[in-house]
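Right, one structure below, let's go through it.
The values are calculated or read from the model by the stated rules, or taken from the named source; none is laboratory data. Since the model is a prediction, treat every value here as computed from it, not as a measurement. Virtual Cβ from ideal backbone geometry, glycine too; neighbours counted across all protein chains shown.
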Amino acid sequence: MPDEWEVSREKITVIRELGQGSFGMVYEGVALGLITEGEETKVALKTVNELATMRERIEFLNEASVMKAFKCHHVVRLLGVVSQGQPALVIMELMTRGDLKSYLRSLRPEAENNPGLPPPSLKDMIQMAGEIADGMAYLSANKFVHRDLAARNCMVSEDFTTDYYRKGGKGLLPVRWMSPEALKDGIFNTQSDVWSFGVVLWEIATLAEQPYQGMSNEQVLRFVMDNGILERPENCPDKLHELMCLCWQQNPRQRPSFVQLLERIKDHMAPAFRTLSFFYSPENGHQGSGEPSNTETDPSPEEDEPPASPLPARKDHKPGQLPNGTASL
């Protein structure tokens with residue numbers, strides 16, 4: 001049934017393809033009167049494949065329904081849905097710089113599409129990591145499990161803020177980002193997301209090299225299940241490598257929560273993080289001028305915790321500046 005999120009199809013104009021999503025093609029478009037009456041807003045339009053099954057169509061709209069409850073600066077924002085008629089559309093906040101993997105690769109000195117920016121400094125890397133961790137902390141606090149956290153599924157805004165956004169992978173397992181327990185027993189929870197976050201840190205440090213390069217997926221699976229971890233990237237700052245190693249503890253219960261990871265880097269975040277983040281919000285136990293309380297002393301959800309559909313992230317005003325901006329989930 002239509003609700004207050006329903007948008008009239010006549011108000012939507014498709015501009016160009018952005019890429020393939022987990023359910024179908026994603027387009028850039030404009031929506032008339034979506035935020036301000038009479039004004040156009042640039043948006044991302046997710047569609048469901050015309051050959052999709054009824055179950056896939058229901059999942060597509062269910063994911064959007066779940067996203068309606070998300071209100072976090074570092075999670076890409078749902079703006080509306082078009083459920084009447086075909087094809088169904090999910091209207092998302094447009095992250096103009098694309099995914100973090102592509103953005104990081106564009107910062108390589110030899111990249112043809114280099115925007116004229118230097119490789120990220122340690123401060124830039126920590127800022128990106130903190131914004132992604134903040135979006136994940138919000139999802140974790142709301143009992144959502146991502147299951148596919150990777151640089152390709154984090155989005156970068158015009159001013160380089162990084163938001164979390166799950167694009168999905170057409171059912172393929174992201175073996176190179178998966179924890180040992182996820183590979184062995186199919187366990188996905190907050191701790192397995194933390195392991196994946198460690199791989200995202202490695203991607204940030206290497207400007208998005210392929211994890212476990214030179215190894216097949218089968219070799220990676222056996223290597224990780226035999227307690228193997230990624231090598232320290234060349235010239236990787238100690239602080240970043242320390243965070244990676246914490247995320248890659250073999251015992252899931254020994255891995256820090258996302259809030260605990262943020263405790264370690266909060267003093268290195270840009271000033272705007274204090275006003276925009278979930279970490280410093282009352283929802284995370286932050287009161288006035290005090291520090292946020294650590295609500296995740298035991299970061300271990302039950303193994304049978306139901307995985308929720310990962311949702312996109314939101315950014316009204318963008319915090320901290322990478323060479324020109326920031327990043328989010």
Near pairs, Cβ below 7 angstrom, 6+ apart or cross-chain, from segment 186-205 (in the same structural domain as residue 231 (by the TED database)) to any residue that is aromatic (Phe, Trp, Tyr) and surrounded by fewer than 24 Cβ atoms within 10 Å (Cβ to Cβ): 195/248; 198/248
Qualifying residue in segment 261-268 (condition: assigned to a loop (DSSP other than H, G, I, E, B) and surrounded by fewer than 22 Cβ atoms within 10 Å (Cβ to Cβ)): no
Number of the exception - residue 39 against (1) within 21 Å of residue 200 (Cα to Cα); (2) not assigned by the TED database to the domain that holds residue 244: (1)
Some residue of segment 207-218 being part of a helix (DSSP H, G or I) and closer than 26 Å to residue 140 by Cβ: no
Single condition residue 147 does not satisfy, out of (1) at pLDDT 90 or above; (2) touching a helix residue (DSSP H, G or I) at 6+ places or on another chain (Cβ under 7 Å): (2)
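How many residues, within segment 247-265, are under 18 Å from residue 131 (Cβ atoms) and more than 19 Å from the chain's Cα centre (by Cα)? Working first, answer last.
Just the residues of segment 247-265 that are under 18 Å from residue 131 (Cβ atoms), to begin with: 247, 256-265.
Those still in the list that are more than 19 Å from the chain's Cα centre (by Cα) too: 263-264.
Selection size over segment 247-265: 2.
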Every pair of residues 6+ apart whose Cβ atoms lie under 8 Å, when the first sits in segment 51-79 and is in the same structural domain as residue 89 (by the TED database) while the second is of a type in the set (Asp, Glu) and in a helix (DSSP H, G or I): 72/134; 73/134; 74/131; 74/134
Residue match in segment 166-179 (condition: under 22 Å from residue 17 (Cα atoms), of a type outside the set (Ser, Thr, Tyr) and crowded, with 21+ Cβ neighbours inside 10 Å): yes
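Table: residues versus (1) out of contact with any Leu (no Cβ under 6 Å at 6 or more places or on another chain); (2) of a type in the set (Asp, Glu); (3) closer than 25 Å to residue 99 by Cβ.
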{"residue": "23", "(1), (2), (3)": "yes, no, yes"}
{"residue": "29", "(1), (2), (3)": "no, no, yes"}
{"residue": "37", "(1), (2), (3)": "yes, yes, no"}
{"residue": "40", "(1), (2), (3)": "no, yes, yes"}
{"residue": "49", "(1), (2), (3)": "yes, no, yes"}
Test: residue 227 is loosely packed, with under 14 Cβ neighbours inside 10 Å, at positive phi, touching a residue at least 40 places away in the same chain (Cβ under 8 Å) and assigned to a loop (DSSP other than H, G, I, E, B): yes
Looking only at segment 5-63, and only at residues there that are assigned to a helix (DSSP H, G or I) and among the basic types (Lys, Arg), the one that is surrounded by the fewest Cβ atoms within 10 Å (Cβ to Cβ): 55
Single match in 223, 197 (criterion: among the aromatic types (Phe, Trp, Tyr) and within 22 Å of the chain's Cα centre (by Cα)): 197
